[in-house]
Structures are given as structure tokens and as C-alpha cells.
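Worksheet: one structure, shown below.
Read the figures in this text as sums done on the coordinates, not as results from a lab. Keep in mind the model is a prediction, meaning the values are calculated, not measured. For neighbour counting, all protein chains shown are included, and Cβ atoms are generated from backbone atoms with ideal geometry for every residue, glycine included.
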Amino acid sequence: MITQTYLEHVLKKGKEIQRQNMQTRLYTNNNAKQFTVPGLKINWSHIVYKHPATFETLAMEPDKKQEIIEDLLTFSKSKDYYARIGKACKRGYLLYGPPGTGKSTRIAAMANLLNYDI
């Protein structure tokens, strides 16, 4: 019993430390031949993604901003719930508008808030 509790604690702390040291990455799908290795086709590549956007720097309605932050934080803590009901742990937002209206900046702020890859 004590061993199981201790093991769960160690695993939880290990994941927290790993998450703190993680760098956000931006993934892109590459179907180019230069990413093909004999016997292995690599479709995805990534780069370290550092963007200064945060929700504090976003220009948007404060109520809507707080609503989105709360929704994201609730979602990020729901992994066990999704596993229990057998659903994929995903969250989607539909962003639309002309170029230069902050869609990519909002995505960067979301990734920075949750420390998620893009």
C-alpha cells in the first residue's frame, strides 16, 4: 500500500518536472522527399517554438478572455475524465477572420498557457 502510494507520488512529480523542462514545439507535416529515409517515411518535423504571446498581452474582451482561460484550464485537468469515458482528449476552437487579426497569436497564447505543443 505504501509502496503504491509512493510510486504514484514519484510518477506524478516526475511528470511535473518533465513538463516544466519541456520546450514548446511547432510541428509541421512534410511530404517532401528530403524527409524520406530508406524504409522509413517521416511525415512530421518540429522546431522549438518561442512566441511572446500570453493572455495578458492579447487585446480582446476581458470577459471572453477569462472564459477561454477557464475553459482551457478545465480541459487541461480533464485527462483522467476522458480516459475514463474512452474518448480522445481533444479540444478545438474555430478561429476565423482576415489576416492580421490575431488568430495565430491567440493560438500561441493558448500553447504558452498550457505548455502544449502546436
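To the nearest 20 debye, what is the magnitude of the charge dipole of the chain about its Cα centre, counting +1 on the Cβ of each Lys and Arg and -1 on the Cβ of each Asp and Glu? Intermediate results must be reported in sequence, preceding the final value.
Values: 18 positive and 10 negative charges, 102 e Å.
Dipole about the Cα centre, nearest 20: 480 debye.
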Review point. Which Cα, out of 107, 6, 68, lies furthest along the positive dipole direction of the chain (beta carbon charges, K/R +1, D/E -1)?
Key: 6
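Considering only the other residues whose Cβ falls under 13 Å of the Cβ of residue 23, what net charge follows from Lys and Arg at +1 and Asp and Glu at -1? Please report the intermediate quantities before stating the final value.
Numbers: positive: 19, 25, 50; negative: 117.
With Lys, Arg at +1 and Asp, Glu at -1, the neighbours total +2.
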Study note, to complete from the structure: Given backbone amide H placed at 1.01 Å from N, residues whose amide H is under 5 Å from that of residue 117, ignoring those fewer than 5 places away on the same chain, are 25
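Quick one: 2, 107, fewest Cβ neighbours within 10 Å first, how do they rank? Please list the in-between numbers first.
Working: 2 6, 107 15.
Listing 2, 107 from fewest to most nearby Cβ atoms yields 2, 107.
Quick one: which of 16-24, 71-79, 86-94 comes out on top by average Cβ neighbours within 10 Å, and what's the full order, highest first? Write down the numbers at each step before the final one.
Details: 16-24: 10.3, 71-79: 12.7, 86-94: 8.1.
Taking the mean over residues of other Cβ atoms within 10 Å, the ranking is 71-79, 16-24, 86-94.
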Check your understanding: Mind listing the phi-derived Karplus ³J(HN,Hα) values for segment 72-80, rounded to whole Hz, using 6.51, -1.76 and 1.60 with θ = phi - 60°, and x for any glycine or proline?
Key -> 5, 5, 4, 4, 5, 9, 9, 4, 5
Check your understanding: Farthest toward the dipole's positive end in the chain, which of 59, 95, 24, given Cβ charges of +1 (Lys, Arg) and -1 (Asp, Glu) about the Cα centre?
Key -> 24
Revision key, fill the gap. Debye calc, one equal point scatterer per Cα of the chain, no solvent, log10 I(q)/I(0) at q = 0.09 1/Å comes to -0.39
Exercise for review: Go ahead and set up a Gaussian network model of the chain, Cα springs under 10 Å, then flag whichever of 64, 12, 103 fluctuates most.
Suggested key: 12
Revision key, fill the gap. So residue 28 and residue 78, fully extended at 0.36 nm per residue minus their Cα-Cα distance, gain in nm 15.3 nm
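Which value in deg cm²/dmol, rounded to the nearest 500, describes the helix-derived mean residue ellipticity at 222 nm for the chain, given -39,500 (n - 2.57) per DSSP H run of n ≥ 4 and division by the residue count? Spell out each step's value before the answer.
On the way: 4 runs with 54 residues, N = 118.
Only helices count here, giving -14500 deg cm²/dmol.
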